[in-house]
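Colleague: Handing you a structure now.
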Amino acid sequence: MKHHPFEPARLISGVAALSVGAGYGLDALGIWHAPGPWLLLAVPAGLFLSGITAAVRAAARYRRPEDT
């Protein structure tokens, strides 16, 4: 099996999308009343956190040691 590098930004965006989907699914089943604005704000918040995580990881990965 081919191994892929771990990408935490994709993990965060996937968890955010799954949580929104689960929230709407539970609301459709009548198990939990999902607050609409909060679920709609969860997607941009997850993408924002994903972007920050990707930027931090890229900065840490391609950081060059200082010449002394």
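Colleague: Return the loop-located chymotrypsin sites (Phe, Trp or Tyr not before Pro) in the chain (DSSP other than H, G, I, E, B) with at most 14 other Cβ atoms within 10 Å of their own Cβ; answer none if there are none.
Modeller: Those that pass, being in a loop and sparsely packed, are Phe6, Trp32, Tyr62.
Colleague: By how many degrees, between 0 and 90 and to the nearest 10, does the Cα long axis of helix 8-29 differ from the longest principal axis of the chain?
Modeller: Approximately 0 degrees, to the nearest ten.
Colleague: Continuing with the same structure: Could you tell me which trypsin sites (Lys or Arg not before Pro) in the chain are loop residues by DSSP with no more than 10 other beta carbons within 10 angstrom of their beta carbon?
Modeller: Answer in residue order: Lys2, Arg63.
Colleague: I'd like the accessible area for Val20, computed on protein heavy atoms only with a 1.4 Å probe and all protein chains in place. Round to 10 Å², please.
Modeller: Per-residue accessible area (Val20): approximately 20 Å².
Colleague: If you put +1 on each Lys and Arg Cβ and -1 on each Asp and Glu Cβ, how big is the dipole of the chain around its Cα centre, in Debye rounded to 20?
Modeller: 260
Colleague: I'd like the carbon and sulfur percentage of the solvent accessible area for region 8-63, probe radius 1.4 Å, heavy atoms only, ligands and nucleic acids excluded.
Modeller: Values: 3060 of 4110 Å².
For region 8-63, the apolar C and S fraction of the accessible surface comes to 74 percent.
Colleague: Oh, and also: For the chain, what is the calculated [θ] at 222 nm in deg cm²/dmol (nearest 500), taking -39500 (n - 2.57) for each run of four or more DSSP H residues and dividing by its residue count?
Modeller: -25000 deg cm²/dmol
Colleague: Go through (1) 1.26; (2) 2.21; (3) 1.58 and flag the label whose value is the computed Cα Rg over 2.2 N^0.38 Å for this structure.
Modeller: (3)
Colleague: With a 1.4 Å probe and all protein chains left in place, how much accessible area per residue does the chain have, in Å²?
Modeller: About 86 Å² of surface per residue is accessible.
The values are calculated or read from the model by the stated rules, or taken from the named source; none is laboratory data. All values derive from a computational prediction rather than experimental measurement. Methodologically, a virtual Cβ is constructed for each residue, glycine included, from the backbone with ideal geometry; neighbour enumeration extends over all protein chains shown. Just the protein is used for accessible areas: all its heavy atoms, side chains included, with ligands, DNA and RNA removed. Shrake-Rupley method; radii C 1.70, N 1.55, O 1.52, S 1.80 Å.
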